[in-house]
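Trainee: Following this message is one structure expressed as structure tokens.
The values are calculated or read from the model by the stated rules, or taken from the named source; none is laboratory data. Given the structure is predicted, the values throughout are model-derived calculations rather than measurements. Positions of Cβ are backbone-derived with ideal geometry, glycine not excepted, and every protein chain shown enters the neighbour counts.
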Amino acid sequence: MIFLQLFWEFFKTGLFAVGGGLATLPFLRQIALRYPWFTTDDLLNMIAISESTPGPIGVNTATYAGFHAAGVPGALTATLSLVLPSVVIIILVSRALERFRDSALVQDAFYGLRPASAGLIFGAMFEVFFASLFHPEAFTSLSSLGDALNIPAILFFLIMLFAVWKLPRLHPIVFILVGAVSGIVFQF
């Protein structure tokens, strides 16, 4: 039964997450809330790791969730089910696109997918931003705004933002390494 659940949830994610890895995040968050395969905190950690390692976020997360739920067979099931809709759609679209390449309807459909993808990615970015700089659990019983703010993370964010602005020629891997080391050392 667990394999069928893994297959179905990650198949839906792969089918409807138009726009790439970051567009899968709202779907992955819903999976984290519904199933015990990974928590929302695990999801934030997976985003950080996936952004600094090769491979798409959705595939890395599917592999992790599947492995956590049912070992190596679960990891294979979740990963393949996430990728399967894309493979099928690419095959179908490539065959149909040759015939309908000049169709105004097809052009309009692709044009309409752009804002939908941007909205999914923006929503995911906002969730990661909010969960990183605030303590979401503190909003349930807000005694003061200071309890909800993650002050060390906000200060680190501002320092890194200033560094990116002042040192634009510095390779992005430097910022990734500084972020990883700071996260390990300061644990925020």
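Trainee: Identify the residue in segment 125-147 that is surrounded by 13 or more Cβ atoms within 10 Å (Cβ to Cβ) and at pLDDT 80 or above and, among all such residues, is farthest from PRO56 (Cα to Cα).
Mentor: The qualifying residue farthest from PRO56 (Cα to Cα) is PHE134.
Trainee: Out of all the residues in segment 3-48, which are among the aliphatic types (A, V, I, L, M), farther than 15 Å from LEU80 by Cα and assigned to a helix (DSSP H, G or I)?
Mentor: Once the filter is applied, which keeps residues that are among the aliphatic types (A, V, I, L, M), farther than 15 Å from LEU80 by Cα and assigned to a helix (DSSP H, G or I), segment 3-48 yields LEU22, ALA23, LEU25, LEU28, ILE31, ALA32, LEU33, LEU43, LEU44, MET46, ILE47, ALA48.
Trainee: Consider LEU92 against the criteria (1) outside the structural domain of ALA23 (by TED's automatic domain parsing); (2) exposed (fewer than 12 other Cβ atoms within 10 Å of the Cβ): it satisfies all of them except one. Which criterion is unmet?
Mentor: Of everything listed in (1) outside the structural domain of ALA23 (by TED's automatic domain parsing); (2) exposed (fewer than 12 other Cβ atoms within 10 Å of the Cβ), LEU92 misses just condition (1).
Trainee: Do we have ALA48 as in contact with a helix residue (DSSP H, G or I) (Cβ under 6 Å, 6 or more places away or on another chain) and modelled with pLDDT under 90 here? So that I can check it myself, show each step before the final result.
Mentor: Numbers: in contact with a helix residue (DSSP H, G or I) (Cβ under 6 Å, 6 or more places away or on another chain): no; modelled with pLDDT under 90: yes.
It is false that ALA48 is in contact with a helix residue (DSSP H, G or I) (Cβ under 6 Å, 6 or more places away or on another chain) and modelled with pLDDT under 90.
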